[in-house]
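Shown next, in structure tokens, is the structure this report addresses.
The values are calculated or read from the model by the stated rules, or taken from the named source; none is laboratory data. What you see is a predicted model, and the numbers here were worked out from it, not measured in a lab. Every residue, glycine as well, gets a Cβ built from its backbone with ideal geometry; the counts of neighbours run over all protein chains shown.
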Amino acid sequence: MDKKIIYTNSIIIAFLAIIATTSGLFWNGLYKNDTISIVAQMMGQDLITLIVAVPLILVSIYLVSKGSLRGRLIWMGALFYFLYTYASMSFLTSFNQLFLVYVAIFSISLYTFLGELVSIDVSYIKKSFTPGLTSKIAAVFIITVGLMLAAMWLKMIIDSLLTGTVPAALESYTTLVIQALDLGILVPAAILSGYLLLKNKAWGYALASIFLIKASLIGTAITSMILFMVMNGVSVAMAQVLFFVMVTLVGVVVTAAFYRKINGKVTW
């Protein structure tokens, strides 16, 4: 993808995300039509998006400008985070004054991500990795996360269908947006990425690089969400708390080790 598009779209995403997150954190009443639990989760995510994801996408485009392949892959992972986050905000958050901002971030992230995905040289990415055990560990971790996430959500949904009761996660909303995104996008992406990486396929290295950054960011955001929920008196399922905290900590370590194996420059 043309570097001008990368810079321009990334700056627009960062600017709009700053508006969205600072509004979510400091605009009293913006989330007035959402439940206490969802408000706590959105504010927790707003905080991590503002202090971690926005700086990361800006730093990554600086690294891209220097020709860093590592920076470009980090940028794609951050972009995937914004895509997922603002897809969920667009579909889940009760309509408010920032609806068009959410949709704009979602749309720009989506088409920028797809544009880059179809243009990257996956063979070069594979050649830029130092072979070793790290890629196998990363592949097993990614597949494990995908399967555990699927098991957690499917158990909740199937139990609800069998008993005829409403899932607790639904609260006052009409459908399970996060679970739909996870089961429809993240779980298949994790299993496919991990499988291709285990098979030493070029696309495995590219997709795993993206997934690991996104997983680390969303895991950090979920940890923040949990803290905000506890602070607001919302009960949390300890099993899910332990799952997400464990995945986040292990994910950050695996991601750091995986990215240390990347050597290479981007040629425009």
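Scan segment 212-232 residue by residue and report those that are closer than 18 Å to Ile178 by Cα and aliphatic (A, V, I, L, M). Correct list: Ala215, Leu217, Ile218, Ala221, Ile222, Met225, Ile226, Met229. Evaluated against (1) surrounded by fewer than 20 Cβ atoms within 10 Å (Cβ to Cβ); (2) free of Cβ contacts under 8 Å to residues at least 40 places away in the same chain, Ser123 falls short on exactly one condition, (2).
Tallying residues that are in contact with a Gly (Cβ under 6 Å, 6 or more places away or on another chain), touching a residue at least 60 places away in the same chain (Cβ under 8 Å) and either closer than 17 Å to Met148 by Cα or among the basic types (Lys, Arg) (or both) within segment 217-259 yields 2. When Thr93, Thr21 are checked against the criterion of being modelled with pLDDT of 95 or more, touching an Asp or Glu at 6+ places or on another chain (Cβ under 8 Å) and of a type outside the set (Gly, Ala, Ser), a single residue qualifies: Thr21.
Restricted to segment 184-208, and to residues there that are of a type outside the set (A, V, I, L, M, F, W, C) and assigned to a helix (DSSP H, G or I), the residue that is surrounded by the fewest Cβ atoms within 10 Å (Cβ to Cβ) is Gly184. Looking at segment 223-247 only, could you name the residues that are within 16 Å of the chain's Cα centre (by Cα) and either among the basic types (Lys, Arg) or at pLDDT 90 or above (or both)? Answer for segment 223-247, where residues must be within 16 Å of the chain's Cα centre (by Cα) and either among the basic types (Lys, Arg) or at pLDDT 90 or above (or both): Thr223, Ser224, Met225.
Taken over segment 29-62, residues that are surrounded by 17 or more Cβ atoms within 10 Å (Cβ to Cβ) and either over 19 Å from Asn9 (Cα atoms) or more than 20 Å from the chain's Cα centre (by Cα) (or both) amount to 15.
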